[in-house]
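Here is the structure we will look at.
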Amino acid sequence: MDLDIRGGEFQKNIFINGSTFSSTLDFIEYYQNFQPGNIFISGNTIKWFRILGGKYKYVSIQDNKIEKIIIVEQRSHFLNNDFANGIKKWGFIENLIFSLNENTEIQIEYQEVKKISFKGTLNNNQVNANFLKAEKLEFNSLTKFASAIFNFYRLEPLNKESAIYIIDSYLGNTSFFNCDFKKFNHFYISSSSLIDLLFINTTWPKKFEIAYANQSTIGKIDISKSNTIEDYKQLREIYRQLKLATSKQSDKLQESIFYRNEMFYLNKTLLWKEHLWTKLSLLGSLISNNHKQNWFYPICWMVGFNFLFTIGLQKSLFHDFQWNIFFVLLNPTHFFDSLCIPQSFINLLIDFSSRISNGFLIYQIIKAFRRLY
């Protein structure tokens, strides 16, 4: 009916297969260290499966019918007898593997995990991970239906090598709360759907990298060294989906950053002979205001161009520089007579060129200032 394992030390593996527990299967640590080598739970029917406290090397939970899984450190302890500043004790599992089935609720709290992996179909499941420190968090071939709930609260890296993998997965409206992904050393994504993600007070990394699931060990490729169009297409798609996800949540700042990265990698996927004018447009947007990210770029261009135009109009290089011509040229709607120069073909051509460049750069300044509107 029920099975409780309390305290003790186990040096060999624990296998529980093909059994039925009408109530609970408990691994509980009260006052002693409970350290089995591995725990394998598969092919069982269990109402509740609980791991409360302790340190474990490998926990594999696959192909079961389980109503609720609880993995949590149950006791608090205090440092320096300072009861006013209680510190929650963290449990540790070296490898935690879930292969999900229907109608299972998983609760993970205050756990340090070297590797935690979610696979399978998340249908009518609930997964809540609160205060989880992971060296490797992996979503591999995971499918999440709308009826499933997947929440991560305060996800943190376990060490300097911590990484997140999202590979061939559809995460649906997975929620992230108070997660700082910039703290993770790597963030790998490949062939996954992110468009319906929900996130609150979550910071995304400056760059994403490509991971491949068709290798015995997950391969990695640094985007700074990536030079294939397929890699750039994947990166462009990642930023496009995240841009749409942030747009749904009215996060204008993050949306503009993802838009910039999407345009950057879109340009790298296009060929000059097939998309000449599109590439010229993208290149102009990049060097003029970094795809709406920087209003200082076009101001610098305006000053530089009009300085050269002024030199061209006064027919001398730095000698007796005519500042009045320079400031008149900055206004694209000025009258030619206000320049006080002869009306020759060259002068008219330079004046026309200054109007075109200034009009374009003023528009780029406005676009950069309005990126949050």
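The values are calculated or read from the model by the stated rules, or taken from the named source; none is laboratory data. All of these numbers come straight from a predicted model, not from anything done at the bench. Glycine also receives a Cβ, built like all others from the backbone with ideal geometry; neighbour counts cover every protein chain displayed. Heads up: the accessible areas ignore ligands, DNA and RNA and are worked out on the full protein's heavy atoms, side chains in. Shrake-Rupley method; radii C 1.70, N 1.55, O 1.52, S 1.80 Å.
What the table below lists for this structure:
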| item | result |
| --- | --- |
| Among residues of region 338-369, those that are touching a residue at least 24 places away in the same chain (Cβ under 8 Å) and among the charged types (D, E, K, R), counted | 2 |
| Single residue of 295, 301, 323 found to be of a type outside the set (Val, Ile, Thr), without any contact (Cβ under 8 Å) to a residue 24 or more places away in the chain and over 22 Å from residue 234 (Cα atoms) | 323 |
| Subset of region 115-127 (residues that are open to solvent by 10 Å² or more (accessible area, probe 1.4 Å) and either modelled with pLDDT of 90 or more or in a loop (DSSP other than H, G, I, E, B) (or both)) | 115, 123, 124 |
| Filter result (on the phi > 0 side of the Ramachandran plot and open to solvent by 20 Å² or more (accessible area, probe 1.4 Å)) within region 150-198 | 154, 168, 178, 191 |
| Which numbered condition residue 373 misses (of (1) surrounded by 10 or more Cβ atoms within 10 Å (Cβ to Cβ); (2) under 49 Å from the mean Cα position of the chain (by Cα); (3) at pLDDT below 90) | (1) |
| Selection from region 331-359 of residues that are of a type in the set (Phe, Trp, Tyr) and in contact with an Asp or Glu (Cβ under 9 Å, 6 or more places away or on another chain) | 336 |
| Yes/no for residue 189 being under 21 Å from residue 259 (Cβ atoms), at pLDDT below 85 and touching a strand residue (DSSP E or B) at 6+ places or on another chain (Cβ under 9 Å) | no |
| Residues within region 132-149 that are of a type outside the set (D, E, K, R) and open to solvent by less than 50 Å² (accessible area, probe 1.4 Å), tallied | 7 |
